[in-house]
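The block underneath contains the structure these notes are about, expressed in structure tokens.
Just so it is clear, none of the values below were taken in a lab; they were calculated from the coordinates. Model, not experiment: these values are computed from the prediction. Virtual Cβ from ideal backbone geometry, glycine too; neighbours counted across all protein chains shown.
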């Protein structure tokens, strides 16, 4: 008697050990069955992530003063060295002018002390003055030198500080935030402008510790950018060596391809982690094997004598043409794939 072998299609994310056969039953037509086998579910898991710029800088004030020039707004593209904010520097400029005048006065005093010391050397050579008088002239000359150096250092510090009143862009970027307005009082440490480099972005995702091993050595991950509804391959996966004690998650950073369009810091993203081989054990049977009668859900299982017996089961989720059986069957049970034919067997 010729028989046909029934093979269920393989699921793309599920490796099932399948066995199907046709069993002759006392001269009747062969009954198609499926042997239940435990299989490991390789599941893909996603985690929420946020888009970050690799270079994201917040420029803060280093001196106190009113904001007198605000040259940029949110969304402006700026060049390296471009002035973004200027703080009122009139008091600083006056201090710089006063320091420069003090340096000039000290240099004049130094010139007088040097000439006095030179005359004292000549007089000492002719024995017109004592050694003590020569030492005093030398000490006054050295003190004038030290005074000049001290005032020059102070003037340099004042000049450097005066440069803090003009805030400039450290690199080419895009302004993402301006938390001050014209006329606001800037204080040391107060943020003035935030900008980022639009050429390189990454996503940061908190990954549960149970899933972190799946990222070790991962060459690429799928990063779904929800705002654009596209998926781009992530590269250069980096796991930060720290764990959040409250959530028990580790931070994963995935670099995005250069020049990806439409990105901005703070955007929502989703990272799809690699399928883990350590998934739960699942028992799957063909959907055609299920028998639904009112509130009863069951399958025909071949007994010891080879006769199909209806057994109640609890079905789980459906995956394609297959149904997960949560309880009611065991690995090795033979389930009839055609319940109508099995019901006619006596």
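Defining a contact as two alpha carbons under 8 Å apart and six or more residues distant in sequence, what relative contact order in percent does the range 237-311 show? Show your work: numbers first, answer last.
Details: 46 pairs, mean separation 10.2, N = 75.
14 percent.
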For this session: Find the all-direction average of the projected area of the Cα convex hull for the range 90-163, expressing the result in square nanometres with one decimal place.
Result: 4.7
Exercise. So, by mean Cβ neighbours within 10 angstrom, what's the order for 149-160, 257-268, 297-308 with the highest one leading?
Worked result: 297-308, 149-160, 257-268
Seminar exercise, completed: To the nearest 0.05, the calculated FRET efficiency linking residue 159 and residue 111 through their beta-carbon distance, R0 being 22 Å, is 0.40
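Could you compute the FRET efficiency for residue 122 and residue 93, with r as their C-beta to C-beta distance and R0 at 35 Å, rounded to 0.05? Write down the numbers at each step before the final one.
Values: r = 45 Å, r/R0 = 1.27.
About 0.20, to the nearest 0.05.
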Exercise. Between residue 152 and residue 199, what length in nm is gained on full extension when 0.36 nm per residue of separation is reduced by their alpha carbon distance?
Worked result: 12.6 nm
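Please arrange 322, 272 by how many other C-beta atoms lie within 10 Å of their C-beta, fewest to most. Write out the running numbers ahead of the final one.
Values: 322 21, 272 15.
So the ranking, lowest neighbour count to highest, is 272, 322.
Restricting to Cα pairs below 8 Å that are 6+ residues apart, what does the relative contact order work out to for the range 90-163? Please round to a whole percent. Intermediate results must be reported in sequence, preceding the final value.
Numbers: 51 pairs, mean separation 38.5, N = 74.
Here the relative contact order equals 52 percent.
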Exercise. So how far apart, in nm, are the two label points at residue 318 and residue 71 if each is 7 Å from Cα heading toward Cβ?
Worked result: 6.6
For this session: Determine the distance separating the Cα centre of the range 73-117 from the Cα centre of the range 287-346; give it in Å without decimals.
Result: 90
